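Worksheet: one structure, shown below.
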Amino acid sequence: MSQQKTISHIDNLPSTPGKFKTEKSPPYIHRLRVHSAISRLTLWSFLFLIFIICFFFLSPPSSSVSPRRALGGDSWGGHNWEKKVSRSAQTQTGITVLVTGAAGFVGTHVSVALKRRGDGVLGLDNFNDYYDPQLKRARRKLLDRAGVFVVEGDINDSELLRKLFDVVAFTHVMHLAAQAGVRYAMQNPGSYVHSNIAGFVNLLEACKSANPQPAIVWASSSSVYGLNSKIPFSEKDRTDHPASLYAATKKAGEEIAHTYNHIYGLSITGLRFFTVYGPWGRPDMAYFFFTRDILKRRPITIYEAPDHGTVARDFTYIDDIVKGCLGALDTAKKSTGSGGKKRKPAQLRIFNLGNTSPVPVSELVSILEKLLKVKAKKKILPMPRNGDVKFTHANISLAHKEFGYKPTTNLRTGLEKFVNWYQDYYSGSKKGIARAFSNI
């Protein structure tokens with residue numbers, strides 16, 4: 001874990017009071033003043049408490065689904081439901097994995113890869129509307145074909161999680177559910193606290209109480225490196241100056257993971273993903289909406305750093321990320337607690353999963369223009385102060401050492417695969433859509 005940065009900054013304001021003589025007030029006046037001050041303090045404290053309660057509890061974020069509403073799509077429980085859960089979790093390898101965020105971009109690819117090699121896999125997803133839920137439903141069809149059952153529910157639903165752990169003795173949890181996106185945090189900050197902090201704690205509570213406790217692999221983010229200027233980013237670097245609320249919630253997740261590892265003996269591995277892209281990706285990512293807008297002849301906005309500097313990302317293809325996820329899971333040691341009690345120290349790890357080759361966003365656009373055979377209409381603007389950073393660059397030597405992580409897909413090759421999928425999926429033809437569904 002990174003060292004904590006201590007910030008000490010005191011504004012020394014000059015004070016030159018004049019000398020004057022005050023009349024002595026009667027004692028009851030002082031008592032009234034003290035009583036008044038205490039009353040005002042109590043009032044403001046009460047109002048602040050009410051504000052916090054209203055913000056986090058009475059006003060659930062629009063893109064996050066509260067535990068009760070999460071069950072609106074598919075009811076859970078009952079004999080038939082338990083049969084589906086148990087069948088999906090059947091394993092040929094001795095490994096049974098609960099994948100949260102299973103209908104998400106990374107979750108779908110990881111779930112299919114686990115199932116193909118014979119692991120038992122059960123998915124969990126709330127199918128929220130942060131981006132097009134129809135894309136998530138389409139991914140669910142992929143998972144159905146692969147034999148992965150996805151429970152529609154929320155990680156904040158403690159009762160549902162307890163039920164899942166009662167039905168299946170999971171050996172591992174692949175926690176990929178999260179509120180993603182840097183810029184959206186400025187519109188809906190509560191959704192990040194709800195999913196990335198409260199949801200993570202709720203899942204860890206279920207895991208620490210399970211018997212046996214599962215080993216946990218979860219998605220952190222390269223965003224935790226924030227305003228670091230040293231490159232490439234190493235797991236040893238400080239991560240105490242995030243540039244966005246999203247990054248702050250992921251950093252908080254890393255500290256929470258440390259706490260549950262220390263107190264309850266949970267084996268926890270965090271993975272810091274670097275700009276993942278590929279087929280079945282997220283529509284809020286630049287490569288995705290650039291492709292859409294270029295094809296529709298709409299202008300695209302390309303941001304530049306101060307002083308006309310370059311904005312670059314360590315784009316990492318989805319197949320390479322999947323290999324990293326499986327490598328981390330396969331090398332995760334067992335948790336050491338039982339029934340919520342720690343017996344001995346447990347494994348705690350954090351890894352970068354990137355491509356190690358940052359590419360300017362302008363080059364990304366050039367590659368897309370060639371693949372799509374359409375010239376982009378570009379608008380060059382200064383980077384706004386919305387939480388984005390100028391560059392990302394992963395040092396992956398630790399992941400390579402621990403489980404042989406070695407990305408093999410360059411950006412040109414990966415974008416070509418994405419463009420082929422995109423044009424098939426949105427073609428409107430049966431043959432095109434069929435090809436898209438075979439692209440995983």
Can you list the residues, at least 5 places off or on another chain, whose amide H is less than 5 Å from the amide H of T316, using H built in the peptide plane? V276, Y277
If you average the C-alpha positions of region 297-328 and of region 411-431 separately, how far apart do those two centres end up, in angstrom? 18 Å
Based on the Cβ-Cβ distance of S438 and T259, what FRET efficiency does E = 1/(1 + (r/R0)^6) give at R0 = 35 Å, to the nearest 0.05? 0.20
Just order 327-334, 78-85, 194-201 by mean Cβ neighbour count inside 10 Å, highest at the front, would you? 194-201, 327-334, 78-85
Averaged per residue, what accessible area in Å² does region 256-350 show with a 1.4 Å probe, protein chains only? 41 Å²
Between the modelled labels at S357 and N420 (7 Å from Cα along Cα→Cβ) the distance in nm is 1.8 nm
Quick check: the distance between the Cα centres of region 192-260 and region 159-191, to the nearest angstrom? 12 Å
With a point put 7 Å past each Cα toward its Cβ, work out how far S86 is from E159 in nm, to one decimal. 2.3 nm
So if each residue of separation counts as 0.36 nm, and I subtract the Cα-Cα distance between R238 and D144, what length gain in nm does that give? 29.7 nm
Net charge of Cβ neighbours under 12 Å - reference L161; Lys, Arg +1; Asp, Glu -1: -2
In region 60-215 the accessible area split gives carbon plus sulfur, as whole percent at 1.4 Å, a share of 46 percent
Given 0.36 nm per residue, what is the gain on full extension from I380 to D132 after removing their alpha carbon distance, in nm? 86.5 nm
So for each of 243-253, 300-310 I average, over its residues, the number of other beta carbons within 10 Å; can you give me the resulting order with the highest mean first? 243-253, 300-310
With N set to the residue count of region 167-261, report its C-alpha Rg divided by 2.2 N^0.38 Å to two decimal places. 1.17
Label-point separation (nm) for K333 and D307, each offset 7 Å from Cα along Cα-to-Cβ? 4.7 nm
Hits among lysines - C-alpha to C-alpha of K141 under 17 Å, sequence gap 8 or more where chains match: K84, K115, K430, K431
Accessible surface of region 353-426, 1.4 Å probe, proportion on carbon and sulfur as whole %: 50 percent
Efficiency by 1/(1 + (r/R0)^6): what FRET value for D166 and K341, r their Cβ-Cβ distance, R0 = 30 Å, to the nearest 0.05? 0.95
Average accessible surface area per residue within region 91-227, 1.4 Å rolling probe, Å²: 31 Å²
Which one, A257, I321, F289, is farthest towards the positive end of the dipole of region 248-323 when Lys and Arg carry +1 and Asp and Glu -1 on their Cβ? F289
Could you provide, to the nearest whole Å², the per residue accessible area of region 351-440 with probe 1.4 Å? 55 Å²
Taking 60 Å as R0, compute the FRET efficiency from the Cβ-Cβ separation of N211 and K370 and round it to 0.05. 0.60
Sorted by accessible surface (1.4 Å probe, heavy atoms of the protein chains only), largest first, V173, V193 come out as V193, V173
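The values are calculated or read from the model by the stated rules, or taken from the named source; none is laboratory data. All of these numbers come straight from a predicted model, not from anything done at the bench. Note that we place each Cβ from the backbone using ideal geometry, even for glycine, and neighbour counts take in every protein chain shown. For accessibility, only protein heavy atoms count, side chains too; no ligands or nucleic acids. Shrake-Rupley method; radii C 1.70, N 1.55, O 1.52, S 1.80 Å.
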